[in-house]
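The values are calculated or read from the model by the stated rules, or taken from the named source; none is laboratory data. Here the structure is a predicted model, which means the values were calculated and not measured. Heads up, the Cβs are rebuilt from the backbone with ideal geometry, glycines too, and the neighbour counts pull from every protein chain shown. Note: accessible area is taken over every heavy atom of the protein model, side chains too, but ligands, DNA and RNA are not part of it. Shrake-Rupley method; radii C 1.70, N 1.55, O 1.52, S 1.80 Å.
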Amino acid sequence: METLNALTTLNAFPLAELEVGKQFYWHLGNLEIHGQILLTSWFVIGVLVIASILATRKIQMVPAGTQNLMEYALEFIRDLTKTQIGEKEYRPWVPFIGTLFLFIFISNWSGALIPWKLIRIPEGELAAPTGDINTTIALALLTSLAYFYAGFKKKGLGYFGNYVQPVAFMLPFKIIEDFTKPLSLSFRLFGNILADELVVAVLVLLVPLFIPLPVMALGLFTSAIQALIFATLAASYIGEAMEDHGEGHEEH
Amino acid sequence: MIHSTILLAAEAAAEGKGGLFDIDATLPIMAIQFLVLVAVLNALFYKPIGKAIDDRDALIRSNQAEAKERLAKAEAMAKQYEQELADTRRQAQKVIADAQAEAQQTAAQQMAAVQQEAQVQREQVQQQLDQQKQEAMQSLEQQVETLSRQILEKLLGAPLAG
């Protein structure tokens, strides 16, 4: 009885509450929208836009402050894109890949660092947008569309030639790949972020002090890695779609 | 506690509303707002910052190229000067050597000429000497004859018939 009481008092503690799968619904016509996800995603978008504005407000030859930070970010993204897509074609894809990376990264870290829980909403709780399957599927599908677009733009219908490279019998596997790519992308991100949040939540629930800290640190690491993985894979899919197989065996 | 959580999730899923895998209109909205974000960041972030980076790269590259060119020019100039210096030194040495050789030659020539002249003079003198000696001998011979004739005349007391 004693322990049960203790548990209930713990339960009353506002930080130590676990809500999974509860959504804060908005209704748009007869469509349903996860309000908490959109709210945090707007926050993330706001952070990115404000950082961009701060960085480009007064561009200097010798960068300082935010400009320096954002230049570092852009150089990092360019490097990533260049290694995956190749020197010749990477430039038009930098905004897409970069936004994927930045959006996912800021989302993940906002989920890990900002005590969203303190802002009460009527139902559910605010959390990282990437911890919601809708967001990750949206991003993964956009990635799929992007690599199809890249392939068709580069080679026209010759893109289908990719499906029988290097041997014709790869055809079914390549077709399956088109489905598994967005599936694995979305579920990897979703699973990692949600799992991280849940682990932290459960640990906080059990031992509210200090013990969850290493897991939280690990969560920050995972979050960054997941953003990097998503962006790298998206870039590599796009690069793969544009790769030359045919006549002019150039460098890949 | 966790039990109740799982129950909650399951319950929500069973209701057909909520749950972890609740896919609804959030998906297209998220996709659209992501694309808008790409466009906005492209205008606000990638283009200006990219331009700044590229401009700086270009500036640095041009500066570097210029510096390299200048260095190359300076090196070429240094080389040229060195070569000129070496040339001049060589020329100077050559001039010295030439002058020495010439002087030596002149000296040798003059020496030879002088020696020849001396030889010639010596020969001349020798010849004169020989001639004079011969003349002297001749005159001596004559005198000897005359003297011997006189001696004979004196001894004989009568002049000899010539």
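Does A:ILE45 meet the test of being modelled with pLDDT of 90 or more and open to solvent by 80 Å² or more (accessible area, probe 1.4 Å)? Spelling it out, it is not the case that A:ILE45 is modelled with pLDDT of 90 or more and open to solvent by 80 Å² or more (accessible area, probe 1.4 Å).
Test A:GLU89 against the criterion of being open to solvent by less than 60 Å² (accessible area, probe 1.4 Å) and outside any helix (DSSP H, G or I), and give yes or no. Can you show your working first?
Numbers: open to solvent by less than 60 Å² (accessible area, probe 1.4 Å): yes; outside any helix (DSSP H, G or I): yes.
Spelling it out, A:GLU89 is indeed open to solvent by less than 60 Å² (accessible area, probe 1.4 Å) and outside any helix (DSSP H, G or I).
Hey, any hits in the range A:108-129 for a residue that's within 16 Å of A:ALA234 (Cβ to Cβ), among the hydroxyl-bearing types (Ser, Thr, Tyr) and either open to solvent by 60 Å² or more (accessible area, probe 1.4 Å) or touching a residue at least 60 places away in the same chain (Cβ under 8 Å) (or both)? No, the conditions are met nowhere in the range A:108-129. Applying the criterion of being open to solvent by 40 Å² or more (accessible area, probe 1.4 Å) and more than 23 Å from A:PHE105 (Cβ to Cβ) to the residues of the range A:204-224, the residue that is nearest to the other protein chains (Cβ to nearest Cβ) is A:LEU206.
Tally time: how many residues in the range A:132-174 are of a type in the set (Val, Ile, Thr), assigned to a helix (DSSP H, G or I) and over 14 Å from A:GLU240 (Cα atoms)? First the steps, then the outcome.
Of the residues in the range A:132-174, the ones of a type in the set (Val, Ile, Thr) are A:133, A:135-137, A:143, A:164, A:167.
Within this subset, residues satisfying the condition of being assigned to a helix (DSSP H, G or I) are A:133, A:135-137, A:143, A:164.
In the following step, the residues that additionally are over 14 Å from A:GLU240 (Cα atoms) were identified as A:133, A:135-137.
Selection size over the range A:132-174: 4.
Which one of A:TYR163, A:TYR90, A:TYR149 is within 14 Å of another protein chain (Cβ to nearest Cβ) and farther than 26 Å from B:LEU27 by Cβ?
Values: A:TYR163 fails: within 14 Å of another protein chain (Cβ to nearest Cβ); A:TYR149 fails: farther than 26 Å from B:LEU27 by Cβ.
Going through A:TYR163, A:TYR90, A:TYR149 in turn, just one is within 14 Å of another protein chain (Cβ to nearest Cβ) and farther than 26 Å from B:LEU27 by Cβ: A:TYR90.
Just to be sure, is A:GLU71 more than 7 Å from every other protein chain (Cβ to nearest Cβ), more than 30 Å from A:GLU123 (Cα to Cα), of a type in the set (D, E, K, R) and open to solvent by less than 80 Å² (accessible area, probe 1.4 Å)? No. Taking the criterion of being within 7 Å of chain B (Cβ to nearest Cβ) and not in a helix (DSSP H, G or I), the residues of the range A:25-68 that qualify are A:LEU28, A:LEU31, A:GLU32, A:ILE33, A:HIS34, A:ILE59, A:MET61. Please determine, by comparing only the residues of the range A:144-181 that are in contact (Cβ under 8 Å) with a residue 12 or more places away in the chain and under 21 Å from A:LEU100 (Cα atoms), which one is most open to solvent (accessible area, probe 1.4 Å). My answer is A:PHE148.
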